Amino acid sequence: MEKYDKSGDKSYALGTTLTFELLNRKSDKATRIYISPKQKRDETYLKLVNLAKSKNIPIIENNEKIFKSLSGKDNTMVIGEFKKFQGEMNKGNHIVLVNPSNMGNLGTILRSSAAFGIDGVYIIKPAADIFDPKCVRGSMGSIFSIEFKYFSSFNEYLFEAGNDRDFYPFMLQTNNSLKDIKEVKTPFTLIFGNEATGLDDSFLKVGTPLKIPQSSVVDSLNLDNAVSIALYHFLAK
């Protein structure tokens with residue numbers, strides 16, 4: 001087992017829960033399952049082993065030093081190795097992230113998007129690496145259940161997604177409030193900018209720019225918090 005390489009063709013799901021998500025949702029991409037010698041041979045172990053065997057995925061019970069080297073933690077008992085994969089364009093409701101830089105935020109946004117039923121998360125480069133194990137862990141395995149794709153520009157995304165949808169850029173440069181959106185039509189695209197700089201003024205001309213109401217105590221919300229608030233407003237029943 002090698003350390004994660006951004007330029008390589010494989011990544012790792014660090015932990016038992018994430019490995020189960022890999023096996024249940026993307027088993028065709030799973031290549032090996034590593035189990036630490038410290039893992040208890042309990043019901044969870046047997047369930048994992050049986051599931052991997054049923055899908056013809058090799059199981060390797062390996063040296064604990066390898067686990068600590070890859071995960072940076074002593075309590076990782078299971079690691080799922082998988083091939084990187086390309087998501088697809090889904091014609092439903094989208095989140096677009098323009099140049100997100102934090103892998104933890106990206107992972108959390110994938111998880112929130114899956115929880116609220118978003119059909120695809122699309123990312124404008126340059127951006128954080130969705131396959132970094134930190135992002136995979138932050139997603140709690142949602143990376144294996146939600147469509148995603150990288151684009152070189154917002155215009156490239158538009159070309160593939162089409163204009164037959166409502167666009168909502170979230171930015172501080174507008175007076176339009178999220179709470180004023182009473183009726184939601186689908187499909188829609190919610191657009192968010194980089195953690196440090198947000199969206200630039202060009203997005204004021206895209207669809208209906210929105211601002212999340214907040215007090216003046218802070219200058220802005222964290223990106224993953226802003227996305228979760230918007231998702232709740234648009235999709236909570």
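The numbers here are math on the coordinates, done by the rules we state, and not lab data. Since the structure is predicted, the reported quantities are computational estimates derived from the model, not experimental observations. No Cβ is skipped: glycine too gets one built from the backbone with ideal geometry, and neighbour counts run over all protein chains shown.
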Work out Dmax and Rg for the range 1-139 from the C-alpha atoms and quote the Rg first, both in angstrom.
15.6, 45
Given springs between every Cα pair under 10 Å in a Gaussian network model of the chain, which of Glu64, Glu195, Glu147 has the largest fluctuation?
Glu64
Over the Cα atoms of the range 10-83, Rg to Rh with Kirkwood Rh, two decimal places?
0.92
For the chain, with the dipole built from +1 on Lys and Arg beta-carbon atoms and -1 on Asp and Glu ones, taken about the Cα centre, which of Ser113, Met140, Pro213 lies farthest toward the positive end?
Met140
Just to be sure I understand: of the beta bridges DSSP finds with both ends in the chain, what percent are antiparallel, rounded to 5?
30
Nearest-20 debye value, the chain charge dipole, Cβ charges on Lys, Arg, Asp, Glu:
800
Of Arg41, Arg32, Arg137, the most mobile residue in a GNM of the chain (C-alpha springs, cutoff 10 Å) is Arg41
Note down the net charge around Val121, summing +1 for each Lys or Arg and -1 for each Asp or Glu among other residues with Cβ under 13 Å from its Cβ.
-2
Counting C-alpha atoms alone, how compact is the range 94-235: give Rg to one decimal and Dmax as a whole number, in angstrom.
14.0, 40
Which whole-number percent gives the relative contact order of the chain, counting Cα pairs below 8 Å spaced six or more residues apart?
20
Step by step: find N for the chain, compute 2.2 N^0.38 Å, then divide the Cα radius of gyration by it. What's the final number?
1.11
I need the semi-axes of the equivalent ellipsoid of the range 131-190: take the C-alpha gyration tensor, multiply each eigenvalue by 5, square-root it, list largest first in whole angstrom.
26, 17, 13
Gaussian network model of the chain, Cα springs within a sub-10 Å range: biggest mean-square fluctuation belongs to which of Ser113, Ser27, Ser142?
Ser27
Point-charge dipole on Cβ atoms (K/R +1, D/E -1) for the range 94-235, about Cα centre, debye to 20:
240
